[in-house]
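All remarks here apply to the structure that follows.
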Amino acid sequence: MAASGSERVAVEKCKGINGLDKVVLREPRGSTAEVYLYGAHVTSWKNDHGEELLFVSSKAMFKPPKAIRGGIPVCFPQFGSHGSLEQHGFARNRFWSIDTDPPPFPTNSKSFIDLILKPSEEDMQKWPHSYEFRLRVALGTGGDLMLTSRIRNTNADGKPFTFTFAYHTYFSVSDISEVRVEGLETLDYLDNLQNKERSTEQGDALTFESEVDKIYLGTPTKIAILDHEKKRTFVLRKDGLPDAVVWNPWDKKAKTMADFGDDEYKHMLCVEAAVVGKPITLKPGEEWKGRLELSAVPSSYCSGQLDPQKVLQNS
């Protein structure tokens with residue numbers, strides 16, 4: 001059991017649902033995050049009031065080999081159906097190890113865990129490349145959640161490899177019809193509902209009234225999700241991740257998903273930092289790094305703009 005009060009441990013290894021290993025991160029002011037070793041999957045991120053900021057379906061199956069529905073699945077070495085592998089690749093349904101000897105990597109946080117994935121023989125048959133995928137999940141002093149992926153080509157045969165990637169983040173929202181996303185206006189996107197047809201986003205911030213599955217290309221480093229009802233804004237800051245995927249299955253699609261409640265689409269929105277449009281190619285010895293920082297700040301709903309003071313304080 002974890003100690004209480006000021007003695008609470010910053011990093012605790014324990015058992016989660018169905019006996020799966022997980023790591024709980026705690027920050028002194030009270031925010032927490034949980035990471036399952038299965039999939040290196042962040043399944044919970046709570047602020048210092050104990051409010052859950054990520055969505056995990058009530059029907060999520062914590063049973064390998066099924067990926068966990070919600071939280072932050074890691075899509076590697078393939079995003080979606082953009083390749084010959086299974087949907088979203090295999091990293092999200094492999095057992096990762098705790099990396100006991102990670103390369104030097106500065107962090108201000110005491111509350112972090114380093115995980116590592118290397119290919120199994122079975123994986124090598126599907127995707128014949130040797131790699132080391134290191135993921136650090138950290139909880140900042142203000143409760144920000146930071147994910148840093150480092151992927152290195154360790155092929156001995158001199159061959160490069162190419163991959164696409166996403167942090168498939170499911171945010172918890174009060175009501176999808178009250179949510180708007182800022183930062184993707186006027187950008188080009190690929191519409192997965194229209195055979196990946198390329199279009200340009202029109203008008204102001206994104207709002208939602210039907211199924212959406214779009215890959216925005218060449219996006220800014222900062223994207224905001226405004227939840228009017230909760231007066232909360234999620235801010236995504238990303239580095240090495242030029243694209244952003246926006247997804248909500250809406251009612252018809254939701255009913256076809258066994259591990260997703262029929263009405264749960266109302267309370268979630270995926271905005272995913274990704275590399276899809278121009279895949280990454282690594283030569284042996286080369287490393288790619290992709291970083292995502294998530295923060296949740298109070299927001300005023302003033303003509304659709306972020307409260308500038310709050311954003312300045314948090315930028």
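The values are calculated or read from the model by the stated rules, or taken from the named source; none is laboratory data. Keep in mind the model is a prediction, meaning the values are calculated, not measured. As a convention, Cβ positions derive from the backbone with ideal geometry for all residues, glycine included, and neighbour counts pool all protein chains shown. For accessibility, only protein heavy atoms count, side chains too; no ligands or nucleic acids. Shrake-Rupley method; radii C 1.70, N 1.55, O 1.52, S 1.80 Å.
Select, from 86, 122, the only residue that is of a type outside the set (Phe, Trp, Tyr), farther than 17 Å from residue 272 by Cβ and either assigned to a loop (DSSP other than H, G, I, E, B) or modelled with pLDDT of 95 or more (or both).
Details: 122 fails: either assigned to a loop (DSSP other than H, G, I, E, B) or modelled with pLDDT of 95 or more (or both).
Going through 86, 122 in turn, just one is of a type outside the set (Phe, Trp, Tyr), farther than 17 Å from residue 272 by Cβ and either assigned to a loop (DSSP other than H, G, I, E, B) or modelled with pLDDT of 95 or more (or both): 86.
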Being touching a strand residue (DSSP E or B) at 6+ places or on another chain (Cβ under 9 Å), open to solvent by 20 Å² or more (accessible area, probe 1.4 Å) and either assigned to a loop (DSSP other than H, G, I, E, B) or basic (Lys, Arg) (or both) is the filter here; which residues of segment 21-39 pass it? 22, 26, 28, 30, 37
If I filter segment 1-20 down to residues being assigned to a loop (DSSP other than H, G, I, E, B) and modelled with pLDDT under 95, which single residue comes out as most open to solvent (accessible area, probe 1.4 Å)? 1
Given the conditions (1) part of a loop (DSSP other than H, G, I, E, B); (2) open to solvent by 30 Å² or more (accessible area, probe 1.4 Å); (3) in contact with a Gly (Cβ under 9 Å, 6 or more places away or on another chain); (4) not acidic (Asp, Glu), which single one is not true for residue 202? (3)
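Specify the residue that is farthest from residue 233 (Cα to Cα); the eligible residues are those in segment 170-194 that are among the hydroxyl-bearing types (Ser, Thr, Tyr) and surrounded by fewer than 18 Cβ atoms within 10 Å (Cβ to Cβ).
The first filter runs over segment 170-194 and keeps only residues among the hydroxyl-bearing types (Ser, Thr, Tyr), leaving 170, 172, 174, 177, 186, 189.
Then keep just the ones that are surrounded by fewer than 18 Cβ atoms within 10 Å (Cβ to Cβ); that gives 174, 177, 186.
Details: 174: 12, 177: 15, 186: 21 Å.
Step by step, filter segment 170-194, then rank; the result is 186.
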Counted residues, segment 40-60 - those being among the aliphatic types (A, V, I, L, M) and touching a helix residue (DSSP H, G or I) at 6+ places or on another chain (Cβ under 9 Å): 2
Restrict the check to segment 112-120 and report whether at least one residue is aromatic (Phe, Trp, Tyr), buried (at least 16 other Cβ atoms within 10 Å of the Cβ) and in contact (Cβ under 8 Å) with a residue 40 or more places away in the chain. yes
Does residue 89 satisfy the condition of being within 15 Å of the chain's Cα centre (by Cα) and not basic (Lys, Arg)? yes
Only one of these is in contact (Cβ under 8 Å) with a residue 24 or more places away in the chain, in a loop (DSSP other than H, G, I, E, B) and open to solvent by less than 20 Å² (accessible area, probe 1.4 Å): 133, 105, 79, 163. Name it. 79
Do you know which residues across segment 281-315 are more than 18 Å from the chain's Cα centre (by Cα), part of a strand (DSSP E or B) and at pLDDT 95 or above? 281, 282, 287
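Step by step: first the residues of segment 98-147, then only those that are hydroxyl-bearing (Ser, Thr, Tyr) and in contact with a Leu (Cβ under 7 Å, 6 or more places away or on another chain), then the one that is nearest to residue 51 (Cα to Cα). Which residue is that? Reasoning before the result, please.
Applying the first criterion (hydroxyl-bearing (Ser, Thr, Tyr)) to segment 98-147 yields 100, 107, 109, 111, 120, 130-131, 141.
Restricting the remaining residues to those that are in contact with a Leu (Cβ under 7 Å, 6 or more places away or on another chain) gives 109, 111.
Numbers: 109: 21, 111: 19 Å.
Looking at the filtered set, the residue picked out is 111.
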